[in-house]
Every structure is written in C-alpha cells, then in structure tokens.
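The values are calculated or read from the model by the stated rules, or taken from the named source; none is laboratory data. Predicted, not measured: the structure shown is a model, and the values here were computed from it. Heads up, the Cβs are rebuilt from the backbone with ideal geometry, glycines too, and the neighbour counts pull from every protein chain shown.
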Amino acid sequence: MKLSAMVAQQQLIVCVGSGGVGKTTTAASLALAGAYAGRRALVLTIDPARRLANSLGLTEIGNTEHRIALPPEVPGELWAMMLDAPSTFDDVIRKVARDDATREAIYNNRIYRSIAGSFSGSQEYMATERLFDVMQSGRYELVILDTPPVKNALDFLDAPGRLARFLDKQIMKRLLTPHDEDGGFFGSRLLAGTTAVVYRLLGHIFGDEFLGDIASFFALFKDLYDGFRERHESVERTFKDARTSFVVVAAPTEPSMEVAGFFLTELRARGLPLAALVANQVHRASFTTPNLEAVFGARARALHPAAAGPLLARLGAAHLRLADLASLEARRVEALRRQAGPSVDVHVVPRLATEVHDLASLAALHRFLIG
Ligand SMILES: Nc1ncnc2c1ncn2[C@@H]1O[C@H](COP(=O)(O)OP(=O)(O)OP(=O)(O)O)[C@@H](O)[C@H]1O
Ligand SMILES: [Mg+2]
C-alpha cells in the first residue's frame, strides 16, 4: 500500500527500523500528512531529537496529548504525545487497579518502583499500553506509532506479551503459595519444600523486609493479571487488523538494511500487515560532470587558470566519491525492494541538506513520502 493511501485510510501506522534511521521523523511527517488529508492524526513518539520535540511543542508536555498549531488551510488536526516510561507505568496501574488502596499499595511497593523504572522492555511495553488507550478512546482517526531504537529488533513486537508472561498466573501461584495444598504437581511436597527453601535463602540474602516486599508485590499484581492480559490481547488484535500498516524505515547502510530485511521476514512470520518500506537519508548525485561555472557561477571566470585546474580536479574527485556512494546506496535499496516483493511499496527519501526538525521540513518530506 502506498503511504498516500495509508495516511488517508488506515487507523494505525507503526514505524519500525534500526536506531537513528529516521523512524521518529517519518512518523511525524506521516502524521502531518494525515492532517493534510483532513484527518485527526496523532503521532505517538519516543525520544524525538530535541529540536523536533521543540517544534512539536513536546518539551515540557510529558505524557499528555498535545495539539500542534497548523496553518489554517490544513483541513485536519495534528496531535503529538511523547512517551515517558515510569509515569506511564503508573497510569497503567491506575487503570487496572481494582481500588484506590490497591493502587497506592502498588505505588509504594519498592519492588514495583524499581520495576517501573527498569522493567526490561518497559519502553516498548509502554508504547503498546499508550497505544491501547488512544485507540480505545476513539479520539483519533489516524494514529502513527513511533517505536524505540531496539537492540533486539523484535523486542517491540513481543512487548505486549512480555508483562503478561512475566505475571503469568502459574508462576505467581507457585511463588504465592509455597505450601499449596491443591494436590497438583506444584502442590507436591517436593516442590513446596524447594520453594520454601528458596524463600528462606532469599530472606537470608536480602533480608526479610525485602522478602515481604516481593510477596506483597506478587499478591498485589495477582489481581491485575486479567486487566493486563485483556489489554495485551486487544493490542495484538489491533496489530493484525486490516486497517493497520507496518512501515519499515531503513537508511541505506549495510547494518540498517540488514535490520530492515530481518523485519520484513519477522513481520511476515507473525502475520503482521507489512505495507511499505521507506529508504531514508539516501544520497543523490547528478551524473553530469561537474564544472566550475555550475559550482561557482560567474566567480569561476575570475579564477586564475593555475588555480582553476587543481580546483576542478578536486571537485571532480569529490563528485566521483558521491556518485559512487549514491550508486552503491541505489543498489542496496534495489536489493531490499526485491526482498520485500511486489506487495510492499518502496519510498525513497533523499538525505536533506538540513536536519528535519520543524513542520516545514517535515512537510518537505511529503514530496517523497506521499508524492
Ligand atoms: N531525510 C532526512 N534528511 C536529513 N536528515 C534526516 C532525514 N531523516 C532524518 N534525519 C535526521 O536524522 C536524525 C535521526 O532521525 P530520527 O530521530 O527520526 O531517527 P530515529 O530512527 O527515530 O532514531 P532513534 O532510533 O534514535 O529513535 C535526526 O536528527 C533527523 O533530523
Ligand atoms: Mg526515534
């Protein structure tokens, strides 16, 4: 599916790719294109570069949805929200906790505090949590999800399931009921005995207070399990929905192309709707031989012939290097296009002369993304 059709029709677009390739930039630019197409669009962004955050008004706003002022001729709306892992985690607890007392007990639990800050994959997990909220709210016609730079490229796609697995009922049951009498395997005397020993050992190492924290942490979380699972299943359904599209963003470098290829394979294997590929920051070179007039204009004629010769030679060498790079990158993009197959639209975006940090430069990308 072409990106132009995507921003006009889809409900959710997820931008994935390796670090620094332009996921955040692409996500913001697509959301802006959605607004131009008349839709109420939200970009859910992670760690935008400082200057982009500034122009999106995302500096002090934190975790709230924020409307960005657009020129009056733009028919739609552009909203942005930045993710901030610990406070979002608190939000989730607030939503799934049964009552105020449970919620406060969780907030004050030291194990929770350390998990909320450092739960591995928490940023990926939180992205999907926020996604759940905004999709459920029905406030937006188009949501664009930026994803974190993932070390393991799959962290993100597996994130919804991670906490649910972490809180898996069976594991908790074992931890919570070391002397379970239900007669099942886990209730067998041998295991109960082992668990009790582990508990005593942990208490010895970390102190009984810590152990109390762990026990109450698991007791508190037991009740939240169903809420988490429901949310996670809903996000998984959304990911597979026909009105969701995944966009793989890649820079034309060897490692980034490799990650992009990996995403192509993994999205397919997971049955996720991969629809387009963005080759971003691609170098362009004209293939005409450089001449001094073209570069220096009228000033070229004022050059002394003894200076003009070596200057032209150096310009020629620099141009050759750029042309070589451009054709190498073009070959890489072609290889990726072949790997992606005909069902995936490939959009090539050149490396602009300046960084993309304001609405004008985000709109300048539309020429290449939207056409
Ligand atoms: N087509 C482009 N031309 C010029 N600069 C670009 C282009 N696309 C992105 N950039 C710049 O590259 C930098 C990285 O872009 P961006 O933050 O969007 O990448 P990212 O994939 O989100 O990175 P991270 O993985 O760290 O989140 C930014 O400074 C951005 O302005
Ligand atoms: Mg980013």
Answer with yes or no whether GLY76 is closer than 20 Å to LEU369 by Cα, more than 19 Å from the chain's Cα centre (by Cα) and surrounded by fewer than 16 Cβ atoms within 10 Å (Cβ to Cβ). no
Confirm whether GLY17 is surrounded by 16 or more Cβ atoms within 10 Å (Cβ to Cβ) and within 16 Å of ligand 1 (Cβ to nearest atom). yes
So, first residue assigned by TED's automatic domain parsing to the domain that holds SER245 in the range 266-290, second residue among the aromatic types (Phe, Trp, Tyr) and part of a loop (DSSP other than H, G, I, E, B), Cβ within less than 8 Å, six or more apart or across chains; the pairs are none
Report, by residue number, each residue of the range 1-34 that is within 12 Å of the chain's Cα centre (by Cα), within 16 Å of VAL344 (Cβ to Cβ) and part of a loop (DSSP other than H, G, I, E, B). GLY17
When every residue in the range 35-49 that is outside any helix (DSSP H, G or I) and among the aliphatic types (A, V, I, L, M) is compared, the one farthest from ligand 1 (Cβ to nearest atom) is ALA37
Restricting the search to the range 20-38, which residues are crowded, with 24+ Cβ neighbours inside 10 Å and within 13 Å of ligand 2 (Cβ to nearest atom)? VAL21, LYS23, THR24, THR25, THR26, ALA27, ALA28, SER29
Those helices (runs of 4 or more DSSP H) completely within the range 273-371 that have 1 or more residues that are within 14 Å of ligand 1 (Cβ to nearest atom) are 305-340, 359-364, 366-369
Conditions (1) surrounded by 24 or more Cβ atoms within 10 Å (Cβ to Cβ); (2) within 16 Å of ligand 2 (Cβ to nearest atom); (3) under 20 Å from ARG130 (Cα atoms) -> ASP47 fails only (1)
Name the pairs whose Cβ atoms lie under 9 Å apart, with the first residue in the range 215-232 and farther than 14 Å from ARG103 by Cβ, the second not in a helix (DSSP H, G or I), and 6 or more positions between them or separate chains? PHE218/LEU167; LYS222/LEU167; TYR225/LEU167; TYR225/ASP168; PHE228/LEU167; ARG229/LEU167
Count of residues meeting criterion [farther than 17 Å from ALA363 by Cβ and within 16 Å of ligand 1 (Cβ to nearest atom)] in the range 50-81: 5
For the range 237-274, what are the residues that are small (Gly, Ala, Ser) and within 15 Å of GLN339 (Cβ to Cβ)? ALA250, SER256, ALA260, GLY261, ALA269
Scanning for something within 30 Å of ILE111 (Cβ to Cβ), touching a residue at least 12 places away in the same chain (Cβ under 8 Å), touching a Phe, Trp or Tyr at 6+ places or on another chain (Cβ under 7 Å) and charged (D, E, K, R), does the range 233-245 turn up at least one residue? no
Leading residue by the ranking (surrounded by the fewest Cβ atoms within 10 Å (Cβ to Cβ)) among those in the range 58-73 that are at pLDDT below 85 and hydrophobic (A, V, I, L, M, F, W, C): ILE61
Quick one: would you say ALA41 is in the same structural domain as HIS357 (by TED's automatic domain parsing), in contact with an Asp or Glu (Cβ under 9 Å, 6 or more places away or on another chain) and surrounded by 22 or more Cβ atoms within 10 Å (Cβ to Cβ)? yes
